[in-house]
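One structure below.
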Amino acid sequence: MAGILDAHPEYRDTALLDELRESEYGYLDAQDHVYLDYTGAGLAARAQHRAHDARLASSVFGNPHSVNPTSAAATQAVEQARARILAHLNASPDEYAVIFTANATGAARIVGEAYPFGRNSRLVLTADNHNSLNGLREFARAAGAKTVYIPSRPADLRADVANVVAALPQKKGLLHQLSKAAAGMCLPCSRPDETQNHTPHPEAKGQPHEPQRPKHAGRNGLFAYPAQSNFSGVRHPLDWVSLAQQRGYDVLLDAAAYLPTASLDLSAVQPDFVLASWYKVFGYPTGVGCLVARRPALARLRRPWFSGGSITAVAVGLPLHRMADGSEAFEDGTLNFLAIPDVHFGLDWLAGLGGPSLVGKRVRCLTAWFLERLHRLRHSDGSAMARVYGPADTRMRGATVAFNFIDATGAVVDERLVALESSAARISLRTGCFCNPGAGEAAFSLRATDLRNLFRTRAGAAVIDEVALDSHRGLGVPSVGAVRVSFGLASTAADVDRFLGFAEKTYKDRVTSSCGLPPRTGC
């Protein structure tokens, strides 16, 4: 503890979380387990399980699609959870609607399949995106829309704002309107919260923005990007939301990796669509995510099908149906009405700890300390033991760190070996590509020709299979996978100590091999 307090004395302000680690998350230490995969999933407090059990033991809940007492109880609990989510995001119910889904991926699909793509519209994506957003390009392609990617800089895995602007061309009709509005525009800001990421990107200074899109802005298409990278922890500027909107684009903001350690204020930053996955925030319940959508943007979506729960009327004798209003039109079948109320309790639990502000301070200290010590890891000859992908410090980054170990010969230690050996040491972390191929391509300097060769490794293969992935060294590429460590609510300085102790003991001065490792099955 003394080490981190010397380097980051503000860590002392988060002592409450050490107490909770012993009580509410004591099962980790009881099982001698180090958990370092909070970007994959949060961990649940014992209080969350107790609250779930108490609620089910004291009440009776039925299918919400009725008016009987048990149905009414379920409906009330679900609606209270919707209202609690909007309160957590500081979003007006008049402005935003909450649509419950199974996860953030399901929320992304709702937007992709119902968005009015056309031959004159564009889908703009950052190369740094989860595959749940990369998959939107298939909906765009089917509608004849063009998909454009904004590249990441290999050095820090950020995107240049000039490339963002270039990827979002304006319709001619907007030029005069925007030039008139440009004078005096200011960058939107958020609630004062040290975990926020609303400081303009250094390269965006001087770029005109305004909090709301022009009144009669035409829509060029959809811009989708993550508030925080699930690969590198990079926090992309939230100011891009208004930048894209004033250029005529709807904005889909993936907040799944951002919300566990930061606040998002939808009264200040106003994306048209927001993706959230609640098990990433506080571990329980799984299987509940949501799409938070601005009501005008939601009204523009056109679903390609209907289902039970999403309509108010349908006929079989004639091909007629009428969609429900608002959220109900996008919630298929029966909601997970026994789990959705746990989101309400989870948000109350988080607020009772001091909210994302306290958690953000804790993980910012741990991430900085981890990066500093990771960079200091050396073999006996003085050569570095690790290579970090993404930012080297905590400026505009979250608590996710992607890296590879380097062995005594200077070769990358195969991440599959790290997965096996860390698991044997009872350390849970993530290895591979993390469902974010664009960030990996930038980190590993994979060129288009490299990717083409990887896909052609096995004739007719539709995915990068294990043969292709294992051929990376023949292409001159050091690796196609990485190690990812991420911190969260229950993380402690002892977790960092134990992992780095494992790393030094296991890989210092060692020559490693990939022989005998299980095959890579995909990315």
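The rows are residues; the columns are (1) buried (at least 17 other Cβ atoms within 10 Å of the Cβ); (2) within 20 Å of THR334 (Cα to Cα); (3) outside the structural domain of ALA97 (by TED's automatic domain parsing).
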| residue | (1), (2), (3) |
| --- | --- |
| VAL274 | yes, no, no |
| TRP278 | yes, yes, no |
| VAL281 | yes, no, no |
| PRO285 | yes, yes, no |
| LEU291 | yes, yes, no |
| ALA299 | no, no, no |
| THR312 | no, yes, yes |
| ALA315 | no, no, yes |
| LEU320 | no, no, yes |
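Kindly evaluate GLY382 against the criterion of being modelled with pLDDT under 95 and not hydroxyl-bearing (Ser, Thr, Tyr).
no
So, in region 90-135, how many residues would count as being in a helix (DSSP H, G or I), among the charged types (D, E, K, R) and free of Cβ contacts under 8 Å to residues at least 40 places away in the same chain?
1
Determine whether GLY333 is modelled with pLDDT under 95 and surrounded by fewer than 23 Cβ atoms within 10 Å (Cβ to Cβ).
yes
Can you give me the ranges of the helices (runs of 4 or more DSSP H) entirely in region 159-278 with at least 2 residues that are at pLDDT below 95 and more than 17 Å from the chain's Cα centre (by Cα)?
Helices (runs of 4 or more DSSP H) meeting the threshold: 172-182.
Could you list, in sequence order, all residues of region 497-523 that are closer than 15 Å to SER423 by Cα, at pLDDT 95 or above and either touching a Cys at 6+ places or on another chain (Cβ under 7 Å) or aliphatic (A, V, I, L, M) (or both)?
Matches in region 497-523: LEU500, ALA503.
Filter region 54-69 for residues that are farther than 15 Å from ILE340 by Cβ and either part of a helix (DSSP H, G or I) or in contact with a His (Cβ under 7 Å, 6 or more places away or on another chain) (or both) and give the result.
Once the filter is applied, which keeps residues that are farther than 15 Å from ILE340 by Cβ and either part of a helix (DSSP H, G or I) or in contact with a His (Cβ under 7 Å, 6 or more places away or on another chain) (or both), region 54-69 yields ALA54, ALA57, SER58, PRO69.
Going by the conditions given, is ASP342 acidic (Asp, Glu) and under 30 Å from ASP18 (Cβ atoms)?
Answer is yes for this residue.
Criterion first (outside the structural domain of GLY112 (by TED's automatic domain parsing), farther than 30 Å from PHE499 by Cβ, small (Gly, Ala, Ser) and surrounded by 14 or more Cβ atoms within 10 Å (Cβ to Cβ)) does GLY360 satisfy it?
So GLY360 fails the test.
Note down all Cβ pairs under 6 Å where the first residue falls in region 265-278 and is closer than 16 Å to TYR225 by Cα, the second is crowded, with 24+ Cβ neighbours inside 10 Å and charged (D, E, K, R), and they're at least six residues apart or on different chains.
Matching pairs, first to second residue: ASP272/ASP250; LEU275/ASP254.
The values are calculated or read from the model by the stated rules, or taken from the named source; none is laboratory data. Not measured: the values here are computed from a predicted model. In this analysis, Cβ positions are derived from the backbone assuming ideal geometry, glycine residues included, and neighbour counts consider all displayed protein chains.
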